[in-house]
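Participant: Take this structure first; my questions come after.
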Amino acid sequence: MFRKVLIANRGEIAIRVMRGCRELGISPVAVYSEADRNALHVQMADEAYLIGPPPATDSYLVIDRIIEAAMASGAEAIHPGYGFLAENAKFAQACEQQGLVFIGPSSASIELMGDKTAARRAMQAAGVPIVPGIDRFLQDDEEARQVIATMGYPVMIKAALGGGGRGMRLVHDAQQLAEALRAARSEARAAFGDPAIYLEKYVTNPRHVEIQVLADAHGHVVYLGERECSIQRRHQKVVEESPSPLMTEDLRVQMGEAAVQAARAANYRNAGTVEFLVDEQRRFYFLEMNTRLQVEHPVTELVTGIDLVQAQLRIAVGEPLAYRQEEIRLRGAAIECRIYAEDPAYNFRPSPGRITVLQPPAGPWVRDERGVFAGGDVSPFYDPMISKLVVWGGTRQEAIARMRRALGEYVIGGIKTTIPFHQWLMDDEDFLAGRLDTGFIERRYHPQAAPHDELTEDVALVAAVLDHWQATRQAAAAPISPSAHESVSPWKLAGRVDLMRRRG
Ligand code: MV4
C-alpha cells in the first residue's frame, strides 16, 4: 500500500479521504489556500502545504502548485476528491508524467467522457442505450433541422464539453430553434471555451438514476447498485438515496450491466459513476459518466458495506477487486441530505459566515460528513455545502424516520442552513410515496413567501416589535402561558428574523 497520499481538495471530502487513508495505514498530506489556514482538513492531516490565495483558480486549481507540494512531501499518489481537478485530464496526465499515481482513471478515460459526443459514440458502439440525437458536433442550423425532422420536438441542445446541466437549452418548436442554437453556442464558448454543441430528443419528466461502478487494473468491473438523484435544484443535487424507489430487480440488472459495458468501453479503471435518465416508461438512457468519486458515494457505502475510498486506494496501488458481482449484496436503504449554508426561506440565497454553534446528530446508523467546526467560517470562496447527513435503515421508511430524527437533533448557529427544507421534504407526501422526478422541488416546494421589499420589511419589523412587546407583557402577567410562542405566524416570524438580522 502507499505510505503517503496527498489530497488535492478541501472540506468534507478531503477529510473523508484522509479517514480512508488512515485506516489503511497511509499518512495523509493536505494542501490549503490562505482562506483555509484554520480549516479542519488542515488540522487533521499529518502535513499541510500552502498552495496560494483564496480564489480556487489561484490555489486548488493550480496543477503545478499541487504537484510541487506532492513532490516536496514525498507522497506517492494524489487523491483529487470531487470538483476542482478531479476530472481534469491535464492534471491526471501531469501526475502520470511526474511518476505520481493519480487515484482515478487514466487521463484518456477522463478525456473521452469529457467530450459528451465522443462518450455517446463510445456508448452506442458498446450497446449502451443513448437518447436519440446526434453524435457529432452540429455543423450548422440546417443539420439541426434535418436531425429534428427525424425525431421531432422538443429537443435539448447541449454543449459538447458541458455536463452537469450547464449550457443546456430546451427547444419546443421550430420558431425557437435558430435563436436557441445561437445562444447555446455563445454560452458554450463562454463557459467551456468551445462553442461546439449537439442535440438530443428531450426526455420529459425524467428521473436521474446513476450506477456506481468499480473497475480494477486487471479487467474486473462490478456495479454497486444505484443512487436515485432526482431531487435537484438548478442542477445541484440536494438529496440522494439507494435503492431508488422506482427500481426493480430486473431493471437493476439491466442498468448495472449497461454501466459495466460503459466502463469497459472507456477502458475504465477506479471508481466511476454512469448517469442515466429514466423516462416515464422506465426506459433508461446513458447521460454521462462521472470519472471521479461522487459527493453522494456514502449512500452506496451504507447499502453495500464497501468503503469506496479504500477501494479506490487499493485499485490505484494495483490490487485486484476482492469481490465478484455475485458477492455484492444490497441491504436496507440509505438517504443523504446535503446541508448547505443557504436560506431556503429566501430562495436558497447564500448564507456564509461564522458558525457559532454546532451540535451534530449521532446515534445508531447516522453518519454526518462535515468539513466545518464551531468557531470556524463558511467561506464565500468555495462550495456552500457544509455537511452531508447520511442515514441507514432496514427499509426506506425506517431510513426516513431516522433522517427526521437526525435532522431534529442538528443544531447549527450563526448561519442559515437548508435543514428546514430537508425537514419539510421528510414529511412530503410525494417524497414518502417515492414519486420523484427532476422537477420535484420546483413543483412542490413553495415556502411561505417572506417579505422582501423595503417597505414591507419595515412594516413587518414594526409588527414584530409590537408583537414581541405585547407577548412579553402577557408573559409577565401569566408566566406559564405558552400561547404567545405557539401562535407565531410566519409573517411575524419573518419580521423577527429580519429584526435580528438587520438591527443586530
Ligand atoms: C436531459 C434532459 C432531458 N432530455 N437530456 C441535466 C443535467 C445534465 N447532466 C443533463 N440534464 C438533462 N438532460 C435530455 N435529452 C433533462 C435533464 C435534466 C436533468 C437531468 C438530471 C437531473 C436533473 C435534471 C434537471 C433538469 C434537466
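Laboratory data are not the source of any read-out in this text; all were calculated from the coordinates shown. Treat the numbers as computed from the prediction; the structure is a model and nothing was measured. Every residue, glycine among them, receives a Cβ derived from its backbone with ideal geometry; neighbour counts consider all protein chains shown.
Participant: Please verify whether segment 129-145 includes one or more residues that are away from the ligand (no atom under 14 Å from the Cβ), among the polar types (S, T, N, Q) and surrounded by 15 or more Cβ atoms within 10 Å (Cβ to Cβ).
Facilitator: No, segment 129-145 contains no residue that is away from the ligand (no atom under 14 Å from the Cβ), among the polar types (S, T, N, Q) and surrounded by 15 or more Cβ atoms within 10 Å (Cβ to Cβ).
Participant: Out of the residues in segment 201-224 that are under 22 Å from G164 (Cα atoms), in a strand (DSSP E or B) and of a type in the set (V, I, T), which is farthest from the ligand (Cβ to nearest atom)?
Facilitator: V213
Participant: Go through (1) farther than 16 Å from S244 by Cβ; (2) outside any loop (DSSP other than H, G, I, E, B); (3) hydroxyl-bearing (S, T, Y) one by one and return the number of the condition Y382 breaks.
Facilitator: All conditions pass for Y382, except number (2).
Participant: Tally the residues that are more than 14 Å from E296 (Cβ to Cβ) and basic (K, R), restricting the search to segment 328-346.
Facilitator: Count: 2.
Participant: Looking at G375, is it of a type in the set (G, A, S) and surrounded by 17 or more Cβ atoms within 10 Å (Cβ to Cβ)?
Facilitator: Details: of a type in the set (G, A, S): yes; surrounded by 17 or more Cβ atoms within 10 Å (Cβ to Cβ): no.
Spelling it out, it is not the case that G375 is of a type in the set (G, A, S) and surrounded by 17 or more Cβ atoms within 10 Å (Cβ to Cβ).
Participant: Six or more apart or on different chains, Cβ atoms under 8 Å: show the pairs whose first residue is in segment 130-156 and closer than 20 Å to L287 by Cα and in contact (Cβ under 8 Å) with a residue 12 or more places away in the chain and whose second is of a type in the set (D, E) and part of a helix (DSSP H, G or I).
Facilitator: As it stands, the answer is I134/E143, since those pairs meet every condition given.
Participant: Mind listing whichever residues of segment 229-277 are of a type in the set (A, V, I, L, M) and more than 19 Å from the chain's Cα centre (by Cα)?
Facilitator: Across segment 229-277, the qualifying residues are L246, M247, L251, V253, M255, A258, A259, V260, A262, A263, A265, A266.
Participant: Let me ask something else. Considering only segment 65-85, I want to know if a residue exists there that is within 16 Å of the ligand (Cβ to nearest atom), under 27 Å from the mean Cα position of the chain (by Cα) and under 24 Å from L293 (Cα atoms).
Facilitator: Filtering segment 65-85 down to residues within 16 Å of the ligand (Cβ to nearest atom) leaves 82-83.
With the extra rule that they be under 27 Å from the mean Cα position of the chain (by Cα), the set shrinks to 82-83.
Subset that is under 24 Å from L293 (Cα atoms): 82-83.
Checked segment 65-85: at least one residue is within 16 Å of the ligand (Cβ to nearest atom), under 27 Å from the mean Cα position of the chain (by Cα) and under 24 Å from L293 (Cα atoms).
Participant: Okay, moving on. Of everything in segment 228-249 that's within 14 Å of the ligand (Cβ to nearest atom), of a type outside the set (D, E, K, R) and in a strand (DSSP E or B), which residue is farthest from R169 (Cα to Cα)?
Facilitator: Per the stated criteria, the residue is V239.
Participant: It is to be established whether one or more residues within segment 171-179 are in contact (Cβ under 8 Å) with a residue 40 or more places away in the chain and either farther than 27 Å from L246 by Cβ or not basic (K, R) (or both).
Facilitator: Looking through segment 171-179, none of the residues is in contact (Cβ under 8 Å) with a residue 40 or more places away in the chain and either farther than 27 Å from L246 by Cβ or not basic (K, R) (or both).
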